[in-house]
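Below: the structure, in structure tokens.
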Amino acid sequence: MIEIRNLVVEIEGQRILDGLNLTVRDGEVAAIMGPNGSGKSTLSYVVAGKEDYEVLDGELLLDGQNLLEMNPDARAAAGVFLAFQYPLEIPGVGTMTFLKAAMNAQRRSRGEAELATADFMKRVNAAAESLGISKDMLKRALNVGFSGGEKKRMEILQMALLQPSFCILDETDSGLDIDALRIVSEGVNALRDPKRSFLVITHYQRLLNHIVPDTVHVMAKGRIVKSGGKELALELEANGYADYRDMAA
């Protein structure tokens, strides 16, 4: 379970999160929606431990552990996973090399033996097939020359292999066509588990038609201003955010 209490964050002197409170329980899929500039992506970066953000106040707890005292690699080992809106290309780093290094780093942090090559290959090939990731993609440098949809599928492949306990999807639907959206959503849904929670950041109902949330939160000016069930997303799709901008003022 992730618990965020009175989180206040600035970057370059500008306050982005202003007393944000949010709880996502084990097994829950929570969606965050809100206008541009409301702080949605900042929240994802702060949870993951991205530098440059100054936390002025608040708590950030994952299963009782204080994430604010951990480096990004320790947060990942503790179970945090962030799927980026715009995944980076990493020339010179093979996809398979990257995946094996990530998996074994987390296994070492848990005191587990590293994966044998045969076991690693079996896991990767099975997960890649379910996500429509070709063997050619696996042979290339990480994300280099990939389409937007291929990059997003690679993010979900990483999530499937690492098996995190708290997954943040930062506008995963951005740049996806209908087929890619379906494939990525099916990959996410296959990972839903009573011990795993998700925070889905999106602007659009279309993603939530595929990844149906348990709760929906509206964010404006750095705070959660309203929470409800999945029907709240339909209301936002129909009416926009104008009323919620006023609530946050």
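A few remarks follow.
- Members of segment 83-96 that are farther than 26 Å from SER44 by Cβ and either charged (D, E, K, R) or surrounded by 13 or more Cβ atoms within 10 Å (Cβ to Cβ) (or both): GLY94, MET96
- ALA242 satisfies every condition listed in (1) under 17 Å from the mean Cα position of the chain (by Cα); (2) at pLDDT below 95 except (1).
- Restricting segment 47-68 to residues that are aliphatic (A, V, I, L, M) and free of Cβ contacts under 8 Å to residues at least 24 places away in the same chain, the residue that is nearest to LEU7 (Cα to Cα): LEU68
- Segment 97-116 - residue that is of a type in the set (A, V, I, L, M) and crowded, with 16+ Cβ neighbours inside 10 Å and, of those, farthest from LEU161 (Cα to Cα): LEU115
- Apart from one condition, THR172 fits all of (1) over 18 Å from MET33 (Cα atoms); (2) among the hydroxyl-bearing types (Ser, Thr, Tyr); (3) within 10 Å of the chain's Cα centre (by Cα); the exception is (1).
- Filter pass, THR215 being at negative phi, crowded, with 23+ Cβ neighbours inside 10 Å and not hydrophobic (A, V, I, L, M, F, W, C): no
- Residue within segment 179-198 that is on the phi < 0 side of the Ramachandran plot, crowded, with 18+ Cβ neighbours inside 10 Å, out of contact with any strand residue (DSSP E or B) (no Cβ under 7 Å at 6 or more places or on another chain) and part of a loop (DSSP other than H, G, I, E, B) present: no
- Going through (1) within 30 Å of ARG5 (Cβ to Cβ); (2) out of contact with any Cys (no Cβ under 9 Å at 6 or more places or on another chain); (3) not polar (S, T, N, Q) one by one, ALA83 falls short only on (2).
- Cβ pairs under 8 Å, 6+ apart, first in segment 5-26 and in contact (Cβ under 8 Å) with a residue 12 or more places away in the chain and farther than 17 Å from GLY37 by Cα, second outside any strand (DSSP E or B) and basic (Lys, Arg): ASP26/LYS195
- Conditions (1) surrounded by fewer than 17 Cβ atoms within 10 Å (Cβ to Cβ); (2) within 22 Å of PHE81 (Cβ to Cβ); number of the one not met by THR42: (1)
- Answer from VAL8, VAL29, VAL93 - the residue that is closer than 24 Å to ASP173 by Cβ and either out of contact with any helix residue (DSSP H, G or I) (no Cβ under 8 Å at 6 or more places or on another chain) or modelled with pLDDT under 95 (or both): VAL29
- Test: residue in segment 80-91 that is more than 30 Å from VAL8 (Cβ to Cβ), without any contact (Cβ under 8 Å) to a residue 60 or more places away in the chain and of a type outside the set (D, E, K, R): yes
The values are calculated or read from the model by the stated rules, or taken from the named source; none is laboratory data. Treat the numbers as computed from the prediction; the structure is a model and nothing was measured. As a convention, Cβ positions derive from the backbone with ideal geometry for all residues, glycine included, and neighbour counts pool all protein chains shown.
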